Amino acid sequence: MTAVVIVGSQWGDEGKGKMTDYLSQKADVVVRSQGGNNAGHSIVFEGKKYALRLVPSGIFGAHKQAVIGNGVVINPKALLQEIHYLSGNGIDTTGLRISNRAHITMPYHIALDQYEEEAKGANAVGTTKRGIGPTYMDKAARIGIRMCDLLEHDTFAAKLKHNLALKNKIITKVYGKEPLQFDEIFNEYIGYANELRKYVTDTSLLVNNALDADKKVLFEGAQGTMLDLDEGTYPYVTSSNPAAGGAATGAGVGPNKLQTIVGICKAYCTRVGSGPFPTELHDEIGDSIREKGNEYGVVTHRPRRIGWFDSVAMRHARRADGMTWLSLNLLDVLSGFKTVKICKAYELDGKKIDYYPASLSELDRCKPIYEEMPGWDEDITKVKKFEDLPKNAQNYLHRIEELAQTKLATVSVGPDRDQTIILHDPWKDAE
Ligand code: GDP
Ligand code: IMO
Ligand code: MG
């Protein structure tokens with residue numbers, strides 16, 4: 001097997017972009033398999049920071065193929081902006097490939113995302129308002145427009161006509177808003193189709209051929225397991241399957257090809273948007289972590305909610321993902337605290353539990369049971385070896401390994417590609 005899967009193990013923004021970029025240095029193909037431009041992945045190398053939403057973070061290796069798989073939903077305007085942004089920065093994008101089966105985000109999806117959120121009022125999910133949920137709704141309802149449809153003018157016109165009539169009824173009659181115009185959308189999207197055509201192919205074939213030829217394929221997850229439509233904190237989730245299984249369906253490969261699953265986590269937890277977050281901090285420690293970790297969204301610039309490391313949620317993710325390794329990022333952000341805490345179990349109605357409840361009302365009543373450990377003061381941003389970390393930081397990491405029931409493959413001490421401590425190279429499993 002020559003596949004490595006990167007999966008977010010918390011609520012997104014764990015540093016998947018950084019680890020994809022790092023591991024892609026040895027990869028031949030890098031594939032995104034779900035989500036859309038709700039994702040914001042930051043990559044830092046040679047003193048420059050890049051933010052990607054749809055293009056896989058493996059694009060920075062010129063000889064590689066960077067694949068947008070069938071499970072991704074594509075806003076063509078956003079994708080083209082990203083391609084132009086990369087080219088403008090001297091990054092070669094000729095290796096980009098886009099699945100002909102990927103679904104397209106249309107202007108009515110973006111409008112409906114906003115109207116649905118407004119209608120939910122206090123129960124709003126806090127989506128990124130990029131039309132992700134409505135695009136996946138149409139896919140499941142079997143009225144979605146795929147990349148291959150967009151490339152055929154007549155097919156696209158017919159599908160758009162049908163969908164727009166339906167969506168405009170909802171937009172005007174349910175939400176009382178202005179209808180969208182066919183000609184405007186059609187002309188705009190045909191322009192995008194012409195620009196994107198050269199990248200479009202059957203990417204399942206491409207990825208399977210690469211695996212059959214023993215090439216190294218890296219699967220780049222978006223969002224995180226706790227935002228998974230099935231395993232996350234429903235309904236405060238995204239509309240795809242960020243858990244590891246989504247990598248197989250979203251790239252068109254058999255699940256038996258995916259055996260090395262690297263769960264990416266932070267040294268603490270963050271969440272953007274609404275929904276349960278048992279270890280959330282509402283105090284100056286949370287504020288301090290937010291400022292030190294620059295915890296503001298890449299896509300929406302919203303301040304991220306901050307909490308202590310939650311090993312109950314982590315064990316839930318480990319199970320749902322079949323995680324074989326853990327990659328822990330942003331350890332440097334925890335330097336300078338007298339003590340650090342890890343949630344090891346919850347108390348629910350006076351009883352200790354060690355599973356993540358499905359019921360939101362139960363989750364609301366869960367109180368974290370913490371283990372408190374001595375912190376460390378040292379600046380660790382230049383540390384290259386695990387043994388050179390302060391003893392208390394090492395103890396913290398070992399305790400996380402125990403409670404997460406997963407060994408650490410890497411520890412990251414800064415955003416740069418070089419600020420990465422390697423304990424185990426996941427590609428070794430794949431050889
Ligand atoms: P992703 O969505 O999982 O790719 O994560 P994001 O890129 O949205 O958010 C992670 C943020 O943490 C980015 O700003 C990264 O540059 C930054 N980052 C990643 N690893 C580290 C680290 O070890 N230390 C610090 N200080 N920042 C990091
Ligand atoms: P990356 O890949 C963090 C969250 C939104 C909201 C919920 C649903 O950068 O880790 P959506 O727009 O998907 O319908 O919003 O999911 N969300 C993310 N949070 N990181 C992400 O991506 C996210 N993508 C979606 O904030 O709570
Ligand atoms: Mg992000």
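What accessible area per residue comes out for the range 103-198, rounded to a whole number of Å², with a 1.4 Å probe?
Dividing the accessible area of the range 103-198 by its residue count gives 52 Å².
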key: Equivalent ellipsoid, the chain (semi-axes from 5 times Cα gyration tensor eigenvalues, Å)   = 36, 26, 19
task = Can you bin the range 364-431 into rounded, prolate or oblate? Criterion: square roots of the alpha carbon gyration tensor eigenvalues sorted a ≥ b ≥ c, rounded for a/c under 1.5, prolate for a/b above b/c, oblate for the rest.
result = oblate
message = Starting from 0.36 nm per residue, how many nanometres of slack lie between Lys161 and Tyr296 once their C-alpha separation is accounted for?
response = 44.7 nm
key: Gaussian network model of the chain, springs between alpha carbon atoms under 10 Å - residue of Val200, Val67, Val31 with greatest fluctuation   = Val200
key: Whole-angstrom gap from the range 316-360 to the range 197-263, using each part's C-alpha centre   = 24
remark   = Which of Thr135, Thr238, Thr94 fluctuates most in a GNM of the chain (C-alpha springs under 10 Å)? That residue is Thr94
request  = Label the range 1-90 by shape, choosing from rounded, prolate and oblate, from the square roots a ≥ b ≥ c of the eigenvalues of the Cα gyration tensor; if a/c is under 1.5 it is rounded, and otherwise prolate applies when a/b is larger than b/c, oblate when it is not.
outcome  = rounded
query = From the cross-link list Lys49/Lys215; Lys16/Lys428; Lys48/Lys341; Lys18/Lys382; Lys48/Lys257; Lys292/Lys382, which pairs have alpha carbons spaced over 23 Å apart?
reply = Lys49/Lys215; Lys48/Lys341; Lys48/Lys257
message = Give me the extension gain from Ala358 to Arg319: residue separation times 0.36 nm, minus the current Cα-Cα distance, reported in nm with one decimal.
response = 12.6 nm
message = With a 1.4 Å probe and all protein chains kept in place, how much accessible area does Leu281 have, in Å² rounded to the nearest 10?
response = 30
request  = Please label the shape of the range 258-381 as rounded, prolate or oblate, based on the square roots a ≥ b ≥ c of the eigenvalues of the alpha-carbon gyration tensor (a/c under 1.5 means rounded; beyond that, a/b larger than b/c means prolate, else oblate).
outcome  = rounded
message = If I compute solvent accessible area with a 1.4 Å probe over the protein chains, what percent of it on the chain is carbon and sulfur?
response = 49
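The values are calculated or read from the model by the stated rules, or taken from the named source; none is laboratory data. All figures in this text were calculated on a predicted structure; none of them were measured in a lab. What goes into the accessible areas is simple: the full protein's heavy atoms, side chains included, and nothing from ligands, DNA or RNA. Shrake-Rupley method; radii C 1.70, N 1.55, O 1.52, S 1.80 Å.
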